[in-house]
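Enquirer: One structure follows; several queries about it will come next.
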Amino acid sequence: MGMTMSQKILAAHAGLDSVAAGQLISAKLDIVLGNDITTPVAVNEFKKAGFDKVFDKDKVAIVLDHFVPNKDIKAAEQSKTCREFACSHCISHFYDVGKMGIEHALLPEQGVVTAGDCIIGADSHTCTYGALGAFSTGVGSTDMAAGMATGTAWFKVPSAIKFNLTGKLPSNCSGKDVILTIIGRIGVDGALYKSMEFTGEGVRGLSMDDRLCICNMAVEAGAKNGIFPVDDVTLAYLKGRSEREPVVYEADADAVYESVVDVDLSAVTPTVACPHLPDNTRPASELHDVGVDQVVIGSCTNGRLEDMEAAWRILKGKQVAKGLRCIIIPATMQILRECVERGWYTDFIDAGAVVSTPTCGPCLGGYMGILAAGERCIATTNRNFVGRMGHVDSEVYLASPQTAAASALTGYITEYKEA
Amino acid sequence: MNTKGKAFRYPDNVDTDVIIPARYLNTSDARELALHCMEDIDSEFVNRVQPGDVIVAGWNFGCGSSREHAPLVIKTCGTGCVIAKSFARIFYRNAINIGLPILECEQAAQEIEAGHEVAVDFDTGIITDVTTGKSYQAQPFPPFIQNIIKSGGLLNSLREGSAND
């Protein structure tokens, strides 16, 4: 019986010729990731269990990104725990303030993750790296501790849903509109425990930033992982970047899928997920009566260079609406630097926006843009649960950078229309 | 292994942000975090929960973040078990890894009402609504996962050589 792309990567890492959905396997890991919230818990478990060294100092990545630069004393203590662990174990992929970025933008950018990898990360959005043709999934801190100690993890081999992409996205839409459209169709548990395998002739028209954004939100449909085939776009992105040689896997022609979902990219429209679930989607054009107090453009979902460019094209030479706060957060130092060099940073400031150093910050209600009771934000982030960005009586609407930037100019939810 | 207590009922898609809001995650001290368990969906939960009590919920319990702090605060509050129609996969994995008993049982999750007395036998997977006298059979765990649970979590089972072998 044929295997899906995810199953082929898992089989190879388990040292097996083939695997089938439902099978329990132990797989070798290429990267084990943690951040400043999940790593301290993992470090504690690692020590408590009596482990004294990591399986491979080059295959553990620790990124301080959620609450850094440290938002308060407790956060500073957590960063310190990560820093001391990374130092004492000579972790080569340790990213502190000055070098850090939001983990899921940073690791692909720095070439730490690559095609064919099997990756776990103690962060739910670890599924992002499927965009590069890797099997990558989120786990908790105890799994991270076990992964750091043994270099392996147990998996139940997932079945898959195939998403057959056709056509080309309209110019006012991006990967965010694609994934919000899909989650709106299948629901927040529509892919529970499964792989979301994206394929079809529509893939080649999607940029790497679009693909990273689409795989990033696979977990918002309950999926174990999202994955794209490796093509010329992938290989061009990995060239000169990937630390290890990419390995290309393809789904078998007779691979078995639980279901096939057809997505016509040319029919996608600017889409917004309304409170309080990512599957509560509506066309942006139907939400003009929703006024917003704050706009956030950033996060592991949409803090990449193309997202910054989309926001800049809309905001340059304009003014954000009176009484509205517009917060822009480039996801890595390299992206921030590009914003400075290209003059976008100045244009953002002139438009009345603020620009932060990289951080997850407001996305999870940490800091750098917390909402008061009754306030409303349109954000390019990934979750709009109750209290996600602040007070339990605040609201988050999820959208693309284009929709968020267009809304920043009007003060209400607005789809971007090219002039 | 078993638990007995009263039921707290919650809807579908209870997410990790309402189980333990991220604004408190600047610490990993379980007892400190447990003071905020379920705060954004039921601010009275921590005042009312007694050791052995049971959370009963709908589909996709624990969706969202990978934070292991979520099952940890539920366990630290003294909750004996979570019964749901289904669990989000990272929450499911984390609960097993840290030793919080969870059971998937659609009918029990549908029928058990808030405040009912519930008894759960983890060895057999039998859930009893003591108030109504009705019993339910939950999905059993595969032997591999039972081994992790019996060892007291993933890291203990690794030491014993029963996982990842």
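All of the numbers you see were taken from the coordinates with simple rules; none came from a lab. Everything numeric in this text was worked out from a predicted model, so none of it was measured. Glycine also receives a Cβ, built like all others from the backbone with ideal geometry; neighbour counts cover every protein chain displayed.
Enquirer: Relative contact order of chain B: what whole-number percent is it, with Cα pairs under 8 angstrom and at least 6 residues apart?
Expert: Relative contact order for chain B comes out at 23 percent.
Enquirer: Below 15 angstrom from the Cβ of B:Gly133, what's the summed charge of the other residues (Lys, Arg +1; Asp, Glu -1)?
Expert: On the way: positive: B:Lys4, B:Lys134; negative: B:Glu111, B:Glu113, B:Glu117, B:Asp129.
Every neighbour counted, the sum reads -2.
Enquirer: Okay, next question. Can you compute the FRET efficiency between B:Met1 and B:Ser43 using 1/(1 + (r/R0)^6), with r the Cβ-Cβ distance and R0 = 45 Å? Round to the nearest 0.05. Write out the running numbers ahead of the final one.
Expert: Working: r = 31 Å, r/R0 = 0.68.
Step by step, r from the Cβ atoms, then E = 0.90.
Enquirer: Per-residue mean of other chain beta-carbon atoms within 10 angstrom of the beta-carbon, peptide A:188-195?
Expert: Averaged over the peptide's residues, the number is 4.
Enquirer: Still on this structure: Need one word for the range A:127-264: rounded, prolate or oblate. Basis is the Cα gyration tensor (sqrt eigenvalues a ≥ b ≥ c); a/c below 1.5 gives rounded, then a/b vs b/c decides. Before the final figure, lay out the partial values.
Expert: On the way: a/c = 1.63, a/b = 1.24, b/c = 1.32.
Note, shape of the range A:127-264 comes out oblate.
Enquirer: Over the range A:278-380, calculate the relative contact order: mean separation of alpha carbon pairs under 8 Å at least 6 apart, over the residue count, as a percent.
Expert: 35
Enquirer: A follow-up question, please. In whole angstrom, how far apart do the alpha carbon centroids of the range B:88-158 and the range A:314-393 sit?
Expert: 42
Enquirer: Next up: Students often get this wrong: which residues of the range B:136-151 have the backbone nitrogen under 16 Å from the point 7 angstrom along Cα-to-C-beta of B:Thr124?
Expert: Output list for this probe position: B:136-141.
Enquirer: Let me ask something else about it. When A:Phe163, A:Phe51, A:Phe135 are ordered from fewest to most other Cβ atoms inside 10 Å of their Cβ, what list results?
Expert: By the 10 Å Cβ count, ascending: A:Phe51, A:Phe163, A:Phe135.
Enquirer: Taking a 31 Å limit on the Cα-Cα distance, which of the listed pairs A:Lys53/B:Lys150; A:Lys47/A:Lys176; A:Lys47/A:Lys224 fall beyond it? Before the final figure, lay out each step's value.
Expert: Working: A:Lys53/B:Lys150 26 Å; A:Lys47/A:Lys176 40 Å; A:Lys47/A:Lys224 28 Å.
Where the Cα-Cα span goes over 31 Å, the pairs concerned are A:Lys47/A:Lys176.
Enquirer: Among the lysines, which have Cα under 17 Å from the Cα of A:Lys316 when same-chain residues fewer than 8 positions away are ignored?
Expert: Candidates past the 8-residue exclusion: A:Lys417.
Enquirer: Just to confirm a number: summing +1 for Lys and Arg and -1 for Asp and Glu over residues other than A:Tyr193 whose beta-carbon lies under 12 angstrom from that of A:Tyr193, what do you get?
Expert: Numbers: positive: A:Lys156, A:Lys194, A:Lys224, B:Arg89, B:Arg93; negative: A:Asp189, A:Glu258, B:Glu104.
Once all neighbours under 12 Å are counted, the net charge is +2.
Enquirer: When a/c reaches 1.5 or more, the comparison of a/b and b/c decides; with that in mind, is the range B:2-157 rounded, prolate or oblate per its Cα gyration tensor?
Expert: Oblate, because a/c is 1.5 or more while a/b does not exceed b/c.
Enquirer: What does the charge add up to near A:Thr114, with Lys and Arg as +1, Asp and Glu as -1, over the other residues with Cβ less than 10 Å from its Cβ?
Expert: That works out to -2.
Enquirer: Would you order A:Thr301, B:Thr128 from fewest to most other beta-carbon atoms within 10 Å of each residue's own beta-carbon? Numbers along the way, then the final one.
Expert: Working: A:Thr301 31, B:Thr128 19.
Ascending Cβ contact count within 10 Å gives the list B:Thr128, A:Thr301.
Enquirer: Just how far, in whole angstrom, is the range A:138-166 from the range A:48-119 if you go by their alpha carbon centroids?
Expert: One Cα centre to the other: 19 Å.
Enquirer: Rounded, prolate or oblate for chain A? Axes are the square roots of the Cα gyration tensor eigenvalues, ordered a ≥ b ≥ c, and the cut-off for rounded is a/c under 1.5.
Expert: oblate
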